[in-house]
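In what follows, a structure is listed as structure tokens, so that the remarks can point back to it.
Derivation of every value follows stated rules applied to the coordinates shown; laboratory data play no part. Worth saying up front: this structure is predicted, and the values here are computed from it rather than measured. Here the Cβ is made from the backbone with ideal geometry for all residues, glycine too, and neighbour counts use every protein chain on show.
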Amino acid sequence: MDADLCTGHGRCYAHAPEVFEPDDEGYNAARGEVAEVAAAQTEAAQRAVDSCPERALTVRER
Ligand code: SF4
């Protein structure tokens, strides 16, 4: 996830709390990191990606 694009709207962790959580300032706690997502959580992760107005989240398959 792109640390420069995340502005802390909080939609990602609101739509997919099982995948993302906020940091103390309301940004996605995984800002600037690659988050590994379990197969069972891919739908939730996609919801988060789709909900981000800044397009800060990108899905990459391994
Ligand atoms: S990743 Fe997107 S929706 Fe989530 S806190 Fe950052 S800007 Fe907001």
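Some notes on this structure:
- Trypsin sites (Lys or Arg not before Pro) within region 25-56, DSSP loop, no more than 13 other Cβ atoms inside 10 Å: Arg55
- Summary value for region 1-55: 44 percent relative contact order, contacts being C-alpha pairs under 8 angstrom separated by 6+ residues.
- The 3J(HN,Hα) values that the Karplus relation (6.51, -1.76, 1.60; θ = phi - 60°) gives for region 14-22 are, in residue order, 6, 7, 9, x, 6, 10, 10, 9, x Hz. Gly and Pro appear as x.
- Those GluC sites (Glu not before Pro) in region 14-62 that DSSP places in a loop and that have at most 11 other beta carbons within 10 Å: Glu25, Glu33, Glu36, Glu61
- Inter-probe distance in nm under a simple model that places probes 7 Å from Cα toward Cβ, at Asp50 and Asp23: 2.8
- For region 39-54, Karplus couplings with θ = phi - 60° (6.51, -1.76, 1.60), whole Hz, Gly/Pro x: 4, 6, 10, 5, 5, 5, 4, 5, 4, 5, 4, 5, 7, 7, x, 8
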